[in-house]
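I have placed the structure first, in the form of structure tokens, so that the comments after it can refer back to it.
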């Protein structure tokens, strides 16, 4: 990339609680690199192609990197038919599925502001999920299909405590390169550009300096609304 630094608003202020200067992230944004981040995910791992996500603020469907601890997440939102505009509706709740080592282990419906923690494995690991807010597609309802416009975007906060000792396999929440590993279909209109992204934080904004390197450790994904 010719851009040396990017600035964008965070999906949720909770991002400032788990990002620090020098962290490597996966970032997705609307319309171009930066501006408004859809998702920021913190990476753990020092070798190219061996990074895993430990923390997420934003839409979990847009992250192409595996979650740490052989976990994966899937989420679908339920629309409020009385609060629709064009292609999207306000979501009344989200149905979140936790996968462990490729198997479905927990499903829960949560409303905006609600959370749950899964710690059903005997290895010290856990997955905490909060549904901050969300949208759902209006095409769910009869007579509202066929329209083109913005995609539904939701905001979750995910914190994963990895197992004390466990082998990591390449299980992904979503991916543009290995659809056979994806738990859900990859979102359309996502193009990826590799970069190493150290994080610097400011009040209300999250600038990310982009530095090219031989060992590629991060991705900046661009989602464009149609």
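The values are calculated or read from the model by the stated rules, or taken from the named source; none is laboratory data. Predicted model only: the values in this text are computed from it and were never measured. When we count neighbours, we look across all protein chains shown, and the Cβ atoms used for this are built from the backbone with ideal geometry, even at glycine.
Annotations for the structure displayed:
- Residue match in the range 53-60 (condition: over 14 Å from the mean Cα position of the chain (by Cα) and either under 28 Å from residue 150 (Cβ atoms) or modelled with pLDDT under 90 (or both)): no
- The single residue among 88, 65 that is closer than 27 Å to residue 19 by Cα, in contact with a strand residue (DSSP E or B) (Cβ under 6 Å, 6 or more places away or on another chain) and buried (at least 16 other Cβ atoms within 10 Å of the Cβ) turns out to be 65.
- Considering residues of the range 91-106 that are under 19 Å from the mean Cα position of the chain (by Cα) and closer than 17 Å to residue 132 by Cα only, the residue surrounded by the fewest Cβ atoms within 10 Å (Cβ to Cβ): 95
- Residue list for the range 44-78, restricted to those being in a strand (DSSP E or B) and farther than 13 Å from residue 158 by Cβ: 44, 76, 77, 78
- Residue 12 within 22 Å of residue 121 (Cβ to Cβ) and either surrounded by 14 or more Cβ atoms within 10 Å (Cβ to Cβ) or touching a strand residue (DSSP E or B) at 6+ places or on another chain (Cβ under 8 Å) (or both): no
- Residue 79 crowded, with 19+ Cβ neighbours inside 10 Å, in contact (Cβ under 8 Å) with a residue 40 or more places away in the chain and within 23 Å of residue 27 (Cβ to Cβ): no
- Taking the criterion of being over 18 Å from residue 155 (Cβ atoms) and surrounded by fewer than 16 Cβ atoms within 10 Å (Cβ to Cβ), the only residue of the range 124-136 that qualifies is 124.
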